[in-house]
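Report on one structure; see the data block that follows.
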Amino acid sequence: ETLQTFGRLDALVCAAGAIAGGPRAWELPDDLWATMLEVNLGGVLRSVRAALPAMLDSPPPRRGRVVVLASAGSSVGLPRLAAYAAAKHGVVGLVRSLAVELARSGITANCVAPGTTATAMADASAAVYGLEDPAALAQHHAEPRLLQPAEVAALVAWLCGPQASGLTGALLACDLGMTAR
């Protein structure tokens, strides 16, 4: 549809994901492990497979962008969320590999790693830890508040623009200092 409407595809943003957990890493059932990897890592790979051929078919000079939402959990361990964290660590490795493979093509690939954001994912995370209010998760941020979706979206939008042309293979934290500790 994008190609029919605009004649080219300039950006792919992978922002879908799921979170589930509860058991300790060695107690994870195989189906939970497989689901977290399939949705969070496999979904990115399938999106890239669908979009990159169209981006690479654009005539030079290309200015394509691949931006993937990882997570603060892509840089740290998360108790009782090991499958989610492992998938998000995998996302970073996949995107960095893409960045190297796309070098000289005019297409960049980067990750944004949000901290706890006021979304349904925060609600699900709070449920894993038995918290009634997701705002309690803000204690892990250096600035103790939840991120707003617009704050993360602003970084994604910047990465999709021409001013981010010199950045590829990066993991950019947008986490209110969660991973700075």
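Helix 43-56 axis versus longest C-alpha principal axis of the chain: approximately 10°, rounded to the nearest ten. For residue 129, the solvent-accessible surface computed with a 1.4 Å probe is close to 70 Å², ligands and nucleic acids excluded. Remark: spin-label model distance residue 54-residue 148 equals 3.2 nm, labels positioned 7 Å along the Cα→Cβ axis.
Summing charges over neighbours of residue 146, with a neighbour being any other residue whose Cβ is under 14 Å away from its Cβ, gives -4 when K and R count +1 and D and E count -1.
Just checking my list (i) 11.8; (ii) 10.9; (iii) 15.4 against mean projected area of the Cα convex hull in nm² computed from this structure; which label fits? For mean projected area of the Cα convex hull in nm², the calculated option is (ii). Estimate the FRET efficiency between residue 38 and residue 3 by the formula 1/(1 + (r/R0)^6), using the beta-carbon distance for r and 22 Å for R0, to the nearest 0.05. Between residue 38 and residue 3 the formula returns 0.25. Computed from Cα atoms, the angle from the helix 82-101 axis to the main principal axis of the chain rounds to 20 degrees. Between residue 135 and residue 46, the modelled labels are 3.7 nm apart [label points 7 Å from Cα along Cα→Cβ]. The stretch between residue 123 and residue 101 holds 4.3 nm of extra length on full extension. This uses 0.36 nm per residue minus the Cα-Cα distance. For the chain, the longest principal axis of the alpha carbon atoms and the long axis of helix 149-160 meet at an angle near 30°. Ranked from largest to smallest solvent-accessible area, with a 1.4 Å probe on the protein heavy atoms, 175, 57, 31, 10 come out as 57, 31, 10, 175. Take the Kirkwood radius over Cα pairs of the stretch 101-150, plug it into Stokes-Einstein at 20 °C and 1.002 mPa s, and you get 169 µm²/s for translational diffusion.
The values are calculated or read from the model by the stated rules, or taken from the named source; none is laboratory data. No experiment lies behind these values; they were computed from the predicted model shown. Cβ atoms come from the backbone with ideal geometry, glycine included; neighbour counts cover every protein chain shown. With ligands, DNA and RNA removed, areas are computed over all heavy atoms of the protein, side chains included. Shrake-Rupley method; radii C 1.70, N 1.55, O 1.52, S 1.80 Å.
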